[in-house]
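Inspection log for the structure reproduced underneath, given as structure tokens.
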Amino acid sequence: MKSLNDPRTMKAFIFNVLLCLFLICCSCNALAVDLGVLGQVYPIQETDLLTFIQKRIEVMQKDGQWTALQNQFRDRVASFADRPQPVFNISKTTEAKSWDFDPSIMVPYDLKDFKGTVFVQAGTRVNPLERITLHNALLFFDADDHDQVVWADTTNKKLSGHTKLILVQGSIQAEEKHFAKQIYFDQEGRLTSHFHIQHVPAMVLQEGTHLKIKEVVP
């Protein structure tokens, strides 16, 4: 290998470097060729979402779609309010049974009065039935089952109307008209799950400091 100190070698090296730079510049210019315009070009514009919605509503209002949509929504809300989703995993009672239910709860934190004085300490087990009395029995039934409605009607009269009528299925309005009193619905089965009720009709009433739960054959 010849040394760069040799004048002829130095000239050859410089020539090769200049040649490489020339080729690189030619390649860059070739890649920057203007190919012109292919088709029509439009400026990029983003439609405001609120404006789009407002225009859509205006169109629907003019052709009557908006009013129809409001009526459908109102009817669905009214229908759901009258007949909520039935409670699942609840069947008609075919065998009577009863059991006791302890409503006691464990207080998770200190209960204090307005002065900050603790009147119930955390970890204390409290039975609310030691201090209060349930004056109404809870009657659970399926209002779409005639036999269960008859049972609820008969039981309600026996207890002189001291009942809370709770549906697991059926029309609230129809039963309020029939019983002439307020009707409740066990939304999402929260009460029946809490009391471990699996069949209806069923009744929950107080006996001393516990609750007696009965699944009754109508």
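Go through the range 171-201 and count every residue that is part of a loop (DSSP other than H, G, I, E, B) and surrounded by fewer than 19 Cβ atoms within 10 Å (Cβ to Cβ).
The first filter runs over the range 171-201 and keeps only residues part of a loop (DSSP other than H, G, I, E, B), leaving 171, 180-182, 186, 195-198, 201.
This time we only want the ones that are surrounded by fewer than 19 Cβ atoms within 10 Å (Cβ to Cβ), so: 171, 180-182, 195-196, 198.
Residues meeting the conditions: 7.
What are the residues in the range 182-218 that are charged (D, E, K, R) and under 21 Å from the mean Cα position of the chain (by Cα), if any?
Those that are charged (D, E, K, R) and under 21 Å from the mean Cα position of the chain (by Cα): Asp186, Glu188, Arg190.
Can you tell me which residue within the range 112-164, out of those that are in a strand (DSSP E or B) and touching a residue at least 24 places away in the same chain (Cβ under 8 Å), is surrounded by the fewest Cβ atoms within 10 Å (Cβ to Cβ)?
The extreme case among them is Lys164.
Can you find, within the range 181-206, the residue that is nearest to Ala81 (Cα to Cα) among those that are without any contact (Cβ under 8 Å) to a residue 60 or more places away in the chain and not aromatic (Phe, Trp, Tyr)?
Here the answer is Ile183.
Would you mind stating whether Val204 is surrounded by 19 or more Cβ atoms within 10 Å (Cβ to Cβ), touching a Gly at 6+ places or on another chain (Cβ under 9 Å) and of a type outside the set (Gly, Ala, Ser)?
The answer is no for Val204.
Only the coordinates and a few stated rules stand behind these numbers; no lab work does. Just so we're clear, the structure is a prediction, and the values are computed from it rather than from any experiment. Positions of Cβ are backbone-derived with ideal geometry, glycine not excepted, and every protein chain shown enters the neighbour counts.
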